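A short worksheet on the structure shown next.
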């Protein structure tokens with residue numbers, strides 16, 4: 001084994017000793033409210049499938065039809081040549097539903113936050129972020145050119161203090177917070 005492999009194995013061993021080594025649990029079947037994980041039936045409180053859409057019969061059928069028409073993937077990211085007609089159709093329907101001029105669909109919440117936050121602020125702006133925001137929000141803030149600061153979790157008095165201390169120094173201020181704090185379930 002090379003020195004580099006020894007180093008990597010030592011790191012893995014340290015993570016295991018510290019209880020920080022992550023091993024994947026295997027979900028056997030659909031990721032639903034009650035599912036089987038590693039052979040044991042459990043109540044699933046850790047999924048993003050809040051509304052049960054991942055195994056909804058109509059959505060599964062629509063996915064099959066979309067695969068037949070478009071294949072199993074776009075073949076590229078949207079800005080290059082992966083923008084399919086189905087993307088445009090979905091965005092048009094959502095814009096009409098929301099009564100907005102336009103919308104954009106991202107493949108994940110992470111990509112949405114990483115891409116959108118940096119697009120709406122600039123140098124000379126300030127982002128004020130809840131200290132327990134999701135990692136995707138934090139990364140979106142980090143990717144921006146704006147100055148960043150945090151306020152205590154769900155503490156409106158602390159938020160007001162941060163605004164008063166900083167507002168006059170910046171062009172625009174974006175206050176950003178999760179709707180549901182996924183790590184502890186706060187709303």
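Computed quantities for the displayed model
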read-out	value
Ascending count of other beta-carbon atoms within 10 Å, so fewest first, for 22, 148	22, 148
Cα convex hull of the stretch 3-43, projected area averaged across orientations, nm²	4.1
Shape metrics for the chain, restricted to C-alpha atoms - Rg then Dmax, Å	21.6, 61
Computed FRET value (nearest 0.05) for residue 42 with residue 182, which takes r as the C-beta separation and R₀ as 22 Å	0.75
Alpha-carbon Debye profile of the stretch 121-176, log10 I(q)/I(0) at 0.15, 0.18 Å⁻¹	-0.37, -0.53
Spread of Cα-to-Cα distances over 10 Å intervals beginning at zero, given as percent, for the stretch 56-98	25, 46, 28, 1
Rounded to 5, percent antiparallel among DSSP beta bridges of the chain	40
Among 98, 17, 164, residue whose mean-square fluctuation peaks in a GNM of the chain (springs only between Cα atoms under 10 Å)	17
The chain - mean residue ellipticity at 222 nm from DSSP helices (-39,500 (n - 2.57) per run, n ≥ 4, rounded to 500)	-12500 deg cm²/dmol
Inter-probe distance in nm under a simple model that places probes 7 Å from Cα toward Cβ, at residue 6 and residue 102	5.7
Length-normalised contact order for the stretch 3-43 - Cα pairs under 8 Å, 6+ apart - percent	21
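We did not get these values from a lab; they are worked out from the coordinates using the rules stated. Bear in mind the structure is a predicted one, so any value in this text is a computation, not a measurement. Backbone-built Cβ (ideal geometry, glycine too); neighbour counts: all protein chains shown.
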